[in-house]
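Each remark here refers to the structure printed beneath this line.
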Amino acid sequence: MNRLIICLTALLLAACGNDATDAGVENAASAPATESTAAAPVAPGLVDQLLARIDAEPAMLWLSLEPLPQALLEQLWARMDMASELNENAYEEMAEETEDPLLRALIDELGELDSPEAWAERGIEITGVAGMHTVGIFPVVHWQLSDQDAFEAAVARIEAEAETEFSRRQVVDQTVIWHDLGEVGLAIHHDASFLTLGLVADRPELLRRVANIDQAEPALESAQVEAFNAARGFRADSAGYIDFQRVLDLLLDGEDELLVQARAEGPLGAVADDQACRAELGALTRTFPRQSFGTTAADANSMTVLTRLETEPGFGLRLAPMADSPLSLDLERAGLVSAGIAFNLIAARDFGRELVAGWIDNPPQCHLFSDVAEQAPDWQLAMNRPIPPLVTNMHGVRMHLDTLEMEDGALESVVGKLALFMRNPQMMLGMAQMFSPELAALDLSPGGDPQRIPAGLLPNLEDIPAWLGLSDSALGLAIGESEGLSESLVAGDADGRIFAAGVDLAAYSDLMALGLSALPADQAAQADDFDTDETDEAMALMASIYQYVYKAVHLGEPGIDLVFRFELAD
């Protein structure tokens, strides 16, 4: 867990040292940068130099063509310093896991990259222009270089520590550092503008691409990049994609020697030779052609990232009704956790029925989808069962938990609100009142004042006050205090989100630690099997870096969107 946090934060710093926009997919366009958040200008011509090295339509692409706001970068680097000890330990563990002296020395060198100054000392412009792409099936990375001599000194230092040298390949008039890893190797080249690293096969045409002797033909153009980003609301500091259709074409028909060998010797060949597999995988990638990802907002303290599973437009329109529930998930910020679900269950059932019926009428023939063919009748039977009216009555739920305190393993106090949105909330209330004279005695009416629930009626909350509220569209419960309950019962309008959640990480971390410490001895011993100390440490580290994190899932014509936003801790 700790290693994952460190790697994610390091990648954020490195991969986003070049980008900018504002608050989320809903508000993808950002205001002009202010002096405090403005990015440093990119040197003229560098972007064109980078794009000339990248094919116009690679299977995978990531670009960072502008820096993030300087104030945000400074804060991110400051938080990396908080994780310095864990960072060092993680790199040490990785180095110990390899017996290759050069790789071990390289990992040790990477472990020293804990500040902008450390990158600069090695001649790498961490906030410079960068890109990652594929040449055929092979990944290649380019990063702006600021000092060739400093980079060469870093390579010499790695070789001295390893007490051995990298191989060198002379490719026309360029020198490529080569380290064999078996079927592929690590190829490293630098010139006055860029450091290039490729995980490629040892073949002249690939080494010529790494050495920039042969450039892309046709090459990626700025207009393509700008159109791609504009269509998705991405900033120029970090955006990219994985093209599933191109990946499939490479796997099944690519002429690279490694792919030919893989098809001849492994299970990939059975897929490539099966026309049913070709047709059904092709249909799948036409439905889900690409995954795109990029930054949509950034300021001095926060950043928003969108990951989209892009769909064929007709399929996206079939998904959209599942998010057509008359409920907004524009969540009010809570002290601890806020979350909501808005889901049209009837639309989801109809979508599922249509999908499964297609599999029954035309069962998949490819062996990769044999489970789908076998289980489709059972799925159809389950979807044709009547859904209880109480369930189909629901539109969704919103929850806000402001505070929660425990003492000696018992709940001491809690403040929060829960609202259930439905077509007829009075029906649900009436059903509950049939079984509870205490509830039946409450004077609840739509839009009326919240009513205090008699003490002891709610299990485990005997000593904590609670209220019920009612509106035309929701039934709500407030615990600890009633303020804001009536306002929380206003549904709002559907906004395409089916799920949203926001968490105050510092408060959540404290709550997790308190909850684990309050476990009975037998449960605590069981929890130890899951290394709770490491979990506590990881949560504390996350809370020291991030104050607030937000996630949401959207459905619509473009596809399935996952939005992630973070705010940095003070």
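The values are calculated or read from the model by the stated rules, or taken from the named source; none is laboratory data. Remember, it's a predicted structure, so these values are computed and weren't measured experimentally. A quick note on method: Cβ atoms are made from the backbone with ideal geometry, for glycine too, and the neighbour counts reach across all protein chains shown. Please note that ligands, DNA and RNA were not included when accessible areas were found on the heavy atoms of the full protein model with its side chains. Shrake-Rupley method; radii C 1.70, N 1.55, O 1.52, S 1.80 Å.
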From the set of residues in the stretch 403-425 that are assigned to a loop (DSSP other than H, G, I, E, B) and open to solvent by 60 Å² or more (accessible area, probe 1.4 Å), which is farthest from Ala342 (Cα to Cα)? Asp408
Checking Thr196, Thr175 in turn, the sole residue that is in contact with a His (Cβ under 9 Å, 6 or more places away or on another chain) and either in a helix (DSSP H, G or I) or surrounded by fewer than 20 Cβ atoms within 10 Å (Cβ to Cβ) (or both) turns out to be Thr175
On the given criteria, is Met428 hydrophobic (A, V, I, L, M, F, W, C), out of contact with any Gly (no Cβ under 6 Å at 6 or more places or on another chain), in contact (Cβ under 8 Å) with a residue 24 or more places away in the chain and part of a helix (DSSP H, G or I)? yes
Turns out the helices (runs of 4 or more DSSP H) fully within the stretch 45-130 with at least 1 residues that are without any contact (Cβ under 8 Å) to a residue 12 or more places away in the chain are 70-82, 84-96, 116-121
In the stretch 199-216, how many are farther than 20 Å from Leu102 by Cα, touching a residue at least 40 places away in the same chain (Cβ under 8 Å) and either assigned to a loop (DSSP other than H, G, I, E, B) or open to solvent by 70 Å² or more (accessible area, probe 1.4 Å) (or both)? 6
For Ala466, indicate whether it is more than 15 Å from Pro326 (Cα to Cα), free of Cβ contacts under 8 Å to residues at least 24 places away in the same chain, touching a strand residue (DSSP E or B) at 6+ places or on another chain (Cβ under 9 Å) and aliphatic (A, V, I, L, M). yes
So Asp324 ticks every box in (1) open to solvent by 60 Å² or more (accessible area, probe 1.4 Å); (2) without any contact (Cβ under 8 Å) to a residue 60 or more places away in the chain but one. Which box is left unticked? (2)
Filter result (in a loop (DSSP other than H, G, I, E, B) and open to solvent by 30 Å² or more (accessible area, probe 1.4 Å)) within the stretch 477-500: Glu481, Ser482, Glu483, Val490, Gly492, Asp493, Ala494, Asp495
Quick one: count up the residues across the stretch 354-402 that are open to solvent by 80 Å² or more (accessible area, probe 1.4 Å) and either of a type in the set (A, V, I, L, M) or on the phi > 0 side of the Ramachandran plot (or both). 2
